[in-house]
């Protein structure tokens with residue numbers, strides 16, 4: 001069985017050829033081909049190979065990376081992030097390339113013409129990537145009925161991811177519950193992970209495995225995002241430390257802390273969340289997360305979701321080859337231990 005680095009190389013090589021054949025601009029190619037985990041296409045390929053698929057799945061699998069890249073482009077605009085994977089985000093590429101000056105506008109939704117142009121150009125680039133995701137499946141070497149089924153599934157995933165993103169943005173301006181946060185990340189993050197596995201199952205011709213793989217992906221995806229939330233306050237992600245707090249993200253950690261904190265703690269949190277807070281203020285907020293049991297509650301849900309993921313994939317034990325079965329089990333353990 002190929003190792004993960006082999007999968008990544010195959011994915012990157014095929015992305016490079018696909019983007020060149022589509023004659024996309026250098027900005028888009030460079031952005032997509034930046035070093036990344038390639039988790040979603042790898043999951044698609046693993047599911048396909050686990051179910052003894054015989055054709056070359058890679059052209060269909062890269063559709064997941066193309067759509068994922070489109071969400072990153074749009075996320076960076078909405079979150080006003082200047083960096084992605086250690087390099088300029090798409091809107092900053094445009095802003096830097098054209099050396100745009102911050103000329104103030106008299107009216108409009110943007111404060112200056114440079115922001116309007118760079119954000120608009122990046123939105124278009126993200127839309128192009130989303131379209132290319134569907135093209136990648138449509139042009140793959142599979143029977144039409146399977147391609148149609150996969151395209152319908154991807155369309156459903158795109159809808160869910162966008163609904164989740166909208167929920168995430170709206171929640172910045174209202175208090176949301178832990179339940180609402182879990183629903184949001186189920187849509188925004190987990191649906192693409194579970195969809196990647198389902199597309200692999202569809203193309204293998206073994207639709208009977210879809211339910212177990214979907215459940216596995218949903219639980220894994222939720223745990224993955226919650227772990228990311230914990231890493232954000234751990235100081236192990238470098239200069240992104242506390243970024244969710246500064247951006248005013250209504251994470252499960254914050255929802256739990258607000259529900260279990262004293263009036264003085266609530267006042268401190270509300271004075272820090274969504275502000276350009278200092279590192280000491282961020283640490284005080286994290287201290288409240290700790291004292292209110294928010295971190296412990298988040299960790300417990302991660303463990304619970306990963307156990308559910310293992311139970312879901314265990315339904316396929318003996319029905320898929322042992323090596324791939326072990327991969328899916330080990331991936332659950334990796335999420336739990338990630339950067340511990």
Quick check on my filter: what residues within the stretch 1-22 are crowded, with 16+ Cβ neighbours inside 10 Å and over 13 Å from residue 136 (Cβ atoms)?
7, 8, 10, 12
Could you list, in sequence order, the residues of the stretch 148-172 that are part of a helix (DSSP H, G or I) and in contact (Cβ under 8 Å) with a residue 60 or more places away in the chain?
150, 154, 157, 158, 161, 165, 168, 169, 171
Qualifying position, being buried (at least 18 other Cβ atoms within 10 Å of the Cβ) and touching a residue at least 40 places away in the same chain (Cβ under 8 Å), among 114, 190, 201
201
Among the residues that make up the stretch 134-141, is at least one of them surrounded by fewer than 19 Cβ atoms within 10 Å (Cβ to Cβ) and modelled with pLDDT under 95?
yes
Sole exception among (1) closer than 30 Å to residue 270 by Cβ; (2) under 18 Å from the mean Cα position of the chain (by Cα); (3) touching a residue at least 24 places away in the same chain (Cβ under 8 Å) for residue 175, by number
(2)
Counted residues in the stretch 145-161 being under 18 Å from the mean Cα position of the chain (by Cα) and surrounded by 15 or more Cβ atoms within 10 Å (Cβ to Cβ) come to 6
Please tell me if residue 41 is modelled with pLDDT of 95 or more and either within 17 Å of residue 143 (Cα to Cα) or part of a helix (DSSP H, G or I) (or both).
yes
Answer yes if at least one residue in the stretch 58-70 is closer than 28 Å to residue 338 by Cβ, more than 15 Å from the chain's Cα centre (by Cα) and part of a loop (DSSP other than H, G, I, E, B), and no otherwise.
no
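The values are calculated or read from the model by the stated rules, or taken from the named source; none is laboratory data. Model, not experiment: these values are computed from the prediction. Ideal geometry is used to build each Cβ from the backbone, glycine not excepted, and the neighbour counts take in all protein chains shown.
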